[in-house]
Amino acid sequence: MNTPNPNDWNANIIAEFRANEGRVGGPFEGAPMVLLHHHGRKSGRAMVSPMMYMPDETAPDRIYVFASKAGAPTNPDWYHNLVAAGAAEVERGTESYSVSVNEVTGDERDDIFNEQASRYPGFAEYAEKTAGIRTIPVVALTRLRE
């Protein structure tokens, strides 16, 4: 049995997202999704990463993304690219806009991650897999008004 290429899987999610005004099915049915545009910090190559997000209930221009990498022992490349750049672009629903990037730490990070894990238990499973290895980063993406 062939293992699917993750890039093909992402390409399918990206196409579905764009065809359905930001909505996708399968394991992400009903979940808030965003397409994160970033550049490789070493390669400079433009990349798009689909991911779940959590809106900030008190700041409508801010969303949070989670560098879970499905509970892998290392952080995903997109996380390192974002932190290095400090800015990115997102597609959210039918909108595209620029965002600033800020890692959330300490108690605030824990509160946000725990809320996401309560909404989507898979995130709690990812945290269990990474326990003692790494803390899953939480990144705030704040819309830049032009």
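The values are calculated or read from the model by the stated rules, or taken from the named source; none is laboratory data. Remember, it's a predicted structure, so these values are computed and weren't measured experimentally. Neighbour counts are summed over all protein chains in view; Cβ atoms, including those assigned to glycine, are modelled from backbone coordinates with ideal geometry.
Within region 53-72, the set of residues being under 18 Å from Glu125 (Cα atoms) and outside any loop (DSSP other than H, G, I, E, B) comprises Met54, Val65, Phe66, Lys69, Ala70, Gly71.
Between Ala124, Ala84, which is in contact with a helix residue (DSSP H, G or I) (Cβ under 6 Å, 6 or more places away or on another chain) and assigned to a helix (DSSP H, G or I)? Sole residue among the options that is in contact with a helix residue (DSSP H, G or I) (Cβ under 6 Å, 6 or more places away or on another chain) and assigned to a helix (DSSP H, G or I): Ala124.
For region 4-52, the set of residues classified as in a strand (DSSP E or B) and under 15 Å from Arg92 (Cα atoms) consists of Met33, Val34, Leu35, Leu36, His37, His38, Val48, Ser49, Pro50, Met51, Met52, listed by residue number. A Cβ distance below 9 Å, combined with a sequence gap of six or more or placement on separate chains, defines the contacts here; from region 73-86, residues that are in contact (Cβ under 8 Å) with a residue 60 or more places away in the chain reach residues that are of a type in the set (A, V, I, L, M, F, W, C) and buried (at least 16 other Cβ atoms within 10 Å of the Cβ) in the pairs Asn75/Ala67; Asn75/Ile136; Tyr79/Val65; Tyr79/Ala67; Tyr79/Val139.
Quick check on region 25-45: of everything there that is among the aliphatic types (A, V, I, L, M) and modelled with pLDDT of 95 or more, which residue is surrounded by the most Cβ atoms within 10 Å (Cβ to Cβ)? Checking each candidate, the answer is Leu36. I want to confirm something. Restricting to region 72-88 and keeping residues that are out of contact with any Pro (no Cβ under 7 Å at 6 or more places or on another chain) and crowded, with 17+ Cβ neighbours inside 10 Å, which single residue is nearest to Gly132 (Cα to Cα)? By that ranking, first place goes to Pro76.
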